[in-house]
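Reading through the structure tokens given below for one structure.
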Amino acid sequence: MSERVLIGKVGLDGHDRGVKVVARILRDAGFEVIYTGLFQTPATIAAAAVDEDVDLVGLSMLSGAHLTLAPAVVAEMRARGCNAPVVVGGIIPEHHHQRLKDAGVAAVFTPGAPAEELVRTVRAVLAAEGA
Amino acid sequence: MTRTPRDVWREEFEASRLREADFSTMSGVPLAPVYGPADGSGDYPGQYPYTRGPYASMYRSKLWTMRMFAGFGTADDTNWRFKEIIKSGGDGLSTAFDMPTLLGLDSDDPMALGEVGRCGVAIDTLADMEDLYAGIDLAATTTSMTINSPAAAIFAMFIAQAEKAGTPRARLGGTLQNDILKEYQAQKEFVFPPRQSMRLVRDTISFTAAEMPRWHSVSISGYHIREAGSTAAEELAFTLANGFAYVELAMKAGLPIDSFAPRLSFFFNAHIDFFEEIAKYRAARRIWARWLRERYGAQLERSLQLRFHTQTAGVSLTAQQPEVNIVRTAIEALAGVLGGTQSLHTNSMDEAMALPTEKSARIALRTQQVIAYETNVAHVADPLGGSFFVEALTDEMERQAEELFAHLDELGGGSLLEGCIKGIEDNWFQGRIADSAFELERKFNNGQRVVVGVNRFKEGSDERGMELLEITNEDEARQRKRLDAVRHGRDQAAVDAALATLAAEAADPEINLMPALIDAAARYVTLGEMMNTLAGVFGRHVEVPTI
């Protein structure tokens, strides 16, 4: 059975070019991809992650609200007993990467990340969780 | 002796007011304002179908407007920035709103958390609008507002504020972006369903046609369509198709075409494929002129002349070796100028990482100034006109666009208005754009398209980054407190009455909602209250998520 990945847009950020490209890359790499659509809240993402019983959650963030919203998604998921890893992609300044990781984010992708690196990192994150 | 097209052009050129400059090359070769075949035949700027430019004299009369987009924090922060722009000789204000305002949410809405004042200025009530334009003579400057879903409500606040300060609405000049169709197709800042949103666009077009002769009611925008991943031809075709849809919308409401078409303007992207972009602008002018005259019966020259603003492509910029972005932006800006743009925003080198610092924004403006004042490229109108290559590429852009119009015309049963709305409801536009974005991404991944510093020439790409602008959350708390004070200081009975009127009038599609919105704005009704009241009647749009 292929692994299930939830890809989501949280908050008011409507930039959905990257999230759709990433969803297609992961689908082509054999993952089962569920896309939440726009304007989700940390609570709706966490609820979807539980309902869909996903193995990984990917968030796309380009409006600068990542330091507020990504940790809130992780917290909501853990509060519901969902331990799937969370990865974040988008416009994330380098000096914010560690702060996101400290808040429980497993990996951060920035613009220009090649498709194969994306797939490799997602597989590595999933493997680390499984171990 | 018969007059050649060049004779006609010359007559108009000589009647134009010209700016003072030395129109010769650096080595002293005098330059003509435009070049064409030796026998005086061919196309000239200022002549139908305007392929070579809307005006006979182009930049010999006036350089493009260097309109830089600004907005941050609270209204008084941005007011301070506006006054600086006016002091330093800027000739127009361009307002960026924050994400909650763009989506019609008040700053104390739970969904606004972390977003207040971050990507632009926060506007909740008339009080914020009063602060935003305090001490600025709105009859002496023009104001551009980049707002779409809540455009009618924000416009109402703007009018109420100006009239309270003593400037009658008829004297206000500026532009409302107000292009809702591209929100569903690309930018995705929508609130109401498409047909209900179009009613608000109709109301603003009718209102400005009747009462605000200096106002541009819609800025039909391809920029966001391209940023979302479309090709150049799709940007061209979808933008013009949306333009045709607004024309049909207003004509359906009974407005004569020449009463509103002169006040429609355009906004295009300048991407990195230099000649394709220039061909796109040339094709846009030609198509618009022909469709407005032949399909919609426009007669006024101003209705046929497509005028546009350009912004360089944010999406072409890289986080790796960001200084190289200055070069990309310069090349893109040059395409806009050679394509005959009326105004231009150049992106800053840090665009792929954050909002610009003061220094990076200054370099972006300097880029335009180098093109305008050092290179002499503005001396001659449409300098690439007549190039076998550029003419062929212009024809090809036009051919591809006409194919897409034919599809939309069929989808709408002979109406571009219906075709555009159906295309949104069926996810046709969204699917085309996502397909094109993925196709381009595939070419980046397999190296077929090179991005310097990203998939080739990567030495130096892992160097520590540059200094970036940090935005704190302090403004958010300040703005919430301010909104709370306004809510407590206003006449609540007057607010309730204004909202009841708004709801009742919204339910009758024949009524123009602008008067009710202006009345509500004057009573300090919040943006969120107006939008929620309208949503109670119109419903809310939910996009079906597709990959």
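Observations, loosely collected:
- Summarising the strand pairing of chain B, around 5 percent of its internal DSSP beta bridges are antiparallel.
- 1.4 Å probe, heavy atoms, protein only - residues of segment B:464-486 losing at least 50 Å² accessible area vs chain alone: B:GLU470
- Once you reduce segment A:24-95 and segment B:139-178 to the center of their Cα atoms, the two points are 39 Å from each other.
- The dipole here belongs to segment B:60-411: it is taken about the Cα centre, uses +1 on the Cβ of Lys and Arg and -1 on the Cβ of Asp and Glu, and is about 1040 debye.
- Computed over every Cα-Cα pair of chain B and binned at 10 Å starting from 0, the pair-distance distribution P(r) comes out as 4, 17, 28, 28, 17, 6, 1, 0 percent.
- Of the residues in segment A:57-102, those shielded by at least 50 Å² of accessible area once partner protein chains are present, compared with the chain alone at a 1.4 Å probe, are A:SER63, A:THR68, A:ILE91, A:GLU94.
- Flagged links, alpha-carbon separation over 24 Å, of B:LYS62/B:LYS182; B:LYS87/B:LYS359; B:LYS83/B:LYS182; B:LYS188/B:LYS481; A:LYS20/B:LYS188: B:LYS62/B:LYS182; B:LYS83/B:LYS182; B:LYS188/B:LYS481
- Heavy atoms of B:GLU358 accessible to a 1.4 Å probe, total area in Å² rounded to 10: 150 Å²
- P(r) histogram, all alpha-carbon pairs of segment A:1-56 included - 5 Å bins from 0, percent: 4, 21, 29, 23, 17, 5, 0
- The charge dipole of the protein assembly as shown, taken about the Cα centre with unit charges on the Cβ atoms of Lys, Arg (+1) and Asp, Glu (-1), comes to about 1000 debye, rounded to the nearest 20.
- FRET efficiency for B:ARG442 and B:ALA134, using Cβ-Cβ distance with R0 set to 41 Å, rounded to 0.05: 0.20
- Using alpha-carbon coordinates, inclination of helix B:527-538 to the longest axis of chain B, degrees: 90 degrees
- Cα gyration tensor shape for segment B:435-545, rounded if a/c is under 1.5, else prolate or oblate: oblate
- Largest-first principal axis extents of the Cα set of segment B:487-538 (Å): 34, 18, 15
- Cα gyration tensor category, rounded, prolate or oblate, for segment A:8-109 with a/c compared to 1.5: rounded
- Against the criterion of solvent-accessible heavy-atom surface with a 1.4 angstrom probe, B:LEU468, B:LEU502, A:LEU67 sort, most first, into A:LEU67, B:LEU468, B:LEU502.
- Residues of segment B:80-112 that lose at least 30 Å² of accessible area (1.4 Å probe, protein heavy atoms only) when the other protein chains are present, relative to their chain alone, are B:MET99, B:LEU103, B:MET111.
- Once C-alpha pairs closer than 8 Å and six or more residues apart are averaged by separation and normalised to the residue number of chain B, the relative contact order reads 19 percent.
- Theoretical gain in end-to-end length, B:LEU31 to B:GLU396 [0.36 nm per residue, Cα-Cα removed]: 128.4 nm
- A probe of 1.4 angstrom, applied to the heavy atoms of all protein chains, finds B:ARG449 with accessible area near 90 square angstrom.
- Helix axis angle, B:5-14 relative to chain B longest principal axis, alpha carbon, degrees: 60 degrees
- List B:ARG6, B:ARG490, B:ARG302, ordered by accessible area with a 1.4 Å probe, largest first: B:ARG302, B:ARG6, B:ARG490
- Axis angle, to the nearest 10 degrees, between helix B:416-425 and the longest C-alpha principal axis of chain B: 60 degrees.
- Gain on full stretching of the segment that runs from B:ALA497 to B:ILE471 - 0.36 nm per residue minus C-alpha separation: 5.5 nm
- P(r) weight above 48 Å for the protein assembly as shown, C-alpha pairs, percent: 14 percent
- Sulfur and carbon atoms: percent of accessible area, segment B:321-473 [1.4 Å]: 54 percent
- In Å², nearest 10: area of B:ARG366 left accessible to a 1.4 Å probe: 120 Å²
- Ranking B:GLY73, B:SER24, B:THR167 by Cα position along the charge dipole of chain B, where only Lys, Arg, Asp and Glu carry charges on their C-beta atoms, puts B:SER24 farthest toward the positive end.
- Where A meets B: accessible area buried, both sides, 1.4 Å probe, Å²: 3000 Å²
- Residue ranking by accessible heavy-atom surface, 1.4 Å probe, largest first, among B:SER436, A:SER2 comes out as A:SER2, B:SER436.
- Backbone N under 14 Å from the B:SER61 label point (7 Å along Cα→Cβ), restricted to segment B:226-268: none
- Mean-position separation - Cα centroids, segment B:450-478 and segment B:3-79, in angstrom: 37 Å
- Separation of segment B:482-547 and segment B:242-279, taken as the distance between their Cα centroids, equals 29 angstrom.
- Working from Cα pairs under 8 Å separated by at least six residues, relative contact order for segment B:196-295 is 34 percent.
- Once C-alpha pairs closer than 8 Å and six or more residues apart are averaged by separation and normalised to the residue number of segment A:8-109, the relative contact order reads 28 percent.
- The residues of the protein assembly as shown present an accessible area of 40 Å² per residue when probed at 1.4 Å with all protein chains retained.
The values are calculated or read from the model by the stated rules, or taken from the named source; none is laboratory data. In this text, all values refer to a predicted model and were calculated from it rather than measured experimentally. In this analysis, Cβ positions are derived from the backbone assuming ideal geometry, glycine residues included, and neighbour counts consider all displayed protein chains. Only protein heavy atoms, including side chains, enter the accessible area calculation; ligands, DNA and RNA are left aside. Shrake-Rupley method; radii C 1.70, N 1.55, O 1.52, S 1.80 Å.
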